[in-house]
Amino acid sequence: MQAARMIGPDVAPPAMCYYEPLKGSGGKCRACLVKVTAGSEKDPRPMPKLVPACITAVQDGMIVENTVNEQVLETRKGIVEFLLLNHPLDCPVCDQAGECHLQDFSFEHGVSSTRTIEDRNTFEPVDLGDNIKLNMNRCILCYRCVYTADQITDGRVHGVMHRGDHAEISTYIEKAIDNDFSGNVIDVCPVGALTDKTYRFKSRVWFSKPMDAHCECEKCSGNVTLWYRGDEVIRVTGRKNEWGELKEFICNTCRFDRKKTSDWVIEGPTNVARHSVISANKYGANLIRPAFPIAQAARDFKQIDDDRDRSFLTNPASLPAKK
């Protein structure tokens with residue numbers, strides 16, 4: 001996975017559970033399955049089955065087929081179908097819409113129909129403390145939030161309960177998640193299962209404007225992304241790289257309590273990928289090129305060879321009389 005990412009996003013396999021800053025993550029969702037047609041220079045034999053790219057060590061001479069192998073592409077369709085097995089169609093109301101990795105994955109590799117007729121597992125939304133809402137219906141059991149709580153907080157109080165089809169993310173006897181870095185589980189969640197209650201239903205992500213900012217914080221680095229709607233800061237998140245992974249974890253004070261511009265030093269607009277819906281209507285006048293559609297029309301214009309008689313169009317006498 002890391003070697004493919006070094007080449008570029010066009011080559012890197014999709015990842016729903018792997019999260020580079022979290023040790024031990026990966027190998028849960030099977031979204032990154034690839035075909036290894038040659039193991040190494042010393043042993044060029046192909047691996048008999050598809051392997052997850054996130055937990056497979058790269059070797060000299062290894063040949064990996066990711067975007068060209070029919071078995072890989074067909075398997076990813078099945079993985080998407082499996083992840084959507086109990087996932088509700090909440091995109092129109094989900095706060096994660098527009099920056100959801102499952103949306104991107106299903107758009108690239110999913111199918112338009114489902115083969116299941118069974119009832120889906122349903123859960124009631126649960127409050128995990130004062131600022132976090134858990135919608136278990138949307139969870140894909142990627143374990144990212146569990147690893148986050150294990151590695152950056154003093155004591156984890158939530159995890160995966162039960163087994164098989166009954167597995168779910170929950171806390172021990174509804175215990176609240178209230179440590180200083182608990183809000184990071186919101187940022188690492190690839191879907192809308194864990195959401196910020198202070199931002200819930202306030203705005204769609206493409207209507208907000210992200211700005212990089214920092215502050216002097218005793219608990220964390222203070223480097224964040226502020227999301228504006230007009231002059232109002234509607235949410236605060238950690239800064240993410242091009243793979244949607246946090247560069248640094250931030251504390252709950254920065255995330256939930258500092259919602260005023262005066263609390264921050266603004267650095268400038270966040271660099272957003274051009275294809276992302278977050279970038280909609282956020283380009284300056286110097287980047288708008290009104291002549292582009294005219295040039296495109298002139299380039300693609302095709303003269304139609306049509307020698308039909310059109311004299312009747314200019315001769316009123318030849319037109320049928322109005323009734």
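The figures follow:
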read-out: Residues of region 92-127 satisfying the condition of being part of a helix (DSSP H, G or I) and free of Cβ contacts under 8 Å to residues at least 24 places away in the same chain; value: 103, 107
read-out: Odd one out for residue 65 among (1) farther than 30 Å from residue 6 by Cβ; (2) charged (D, E, K, R); (3) not assigned by TED's automatic domain parsing to the domain that holds residue 195; value: (1)
read-out: Residue match in region 35-49 (condition: of a type in the set (D, E, K, R), surrounded by fewer than 19 Cβ atoms within 10 Å (Cβ to Cβ) and part of a strand (DSSP E or B)); value: no
read-out: Extreme residue, surrounded by the fewest Cβ atoms within 10 Å (Cβ to Cβ), among residues of region 152-166 that are not charged (D, E, K, R) and not in a helix (DSSP H, G or I); value: 155
read-out: Members of region 128-151 that are of a type outside the set (D, E, K, R), within 20 Å of residue 21 (Cβ to Cβ), at pLDDT 85 or above and part of a helix (DSSP H, G or I); value: 145, 146, 147, 148, 151
read-out: Check on residue 30, at pLDDT 90 or above, in a loop (DSSP other than H, G, I, E, B) and out of contact with any Phe, Trp or Tyr (no Cβ under 7 Å at 6 or more places or on another chain); value: yes
read-out: Flag if residue 165 is modelled with pLDDT under 90 and more than 19 Å from residue 130 (Cβ to Cβ); value: yes
read-out: Flag for residue 239 being within 17 Å of residue 197 (Cα to Cα), without any contact (Cβ under 8 Å) to a residue 40 or more places away in the chain and under 18 Å from the mean Cα position of the chain (by Cα); value: no
read-out: Any hit, region 79-97, residues being closer than 21 Å to residue 243 by Cα and more than 16 Å from the chain's Cα centre (by Cα); value: yes
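The values are calculated or read from the model by the stated rules, or taken from the named source; none is laboratory data. Only a predicted model underlies this, so the values are computations on that prediction, with no experimental measurement involved. Cβ sites come from the backbone with ideal geometry, for glycine too, and all protein chains shown count toward neighbours.
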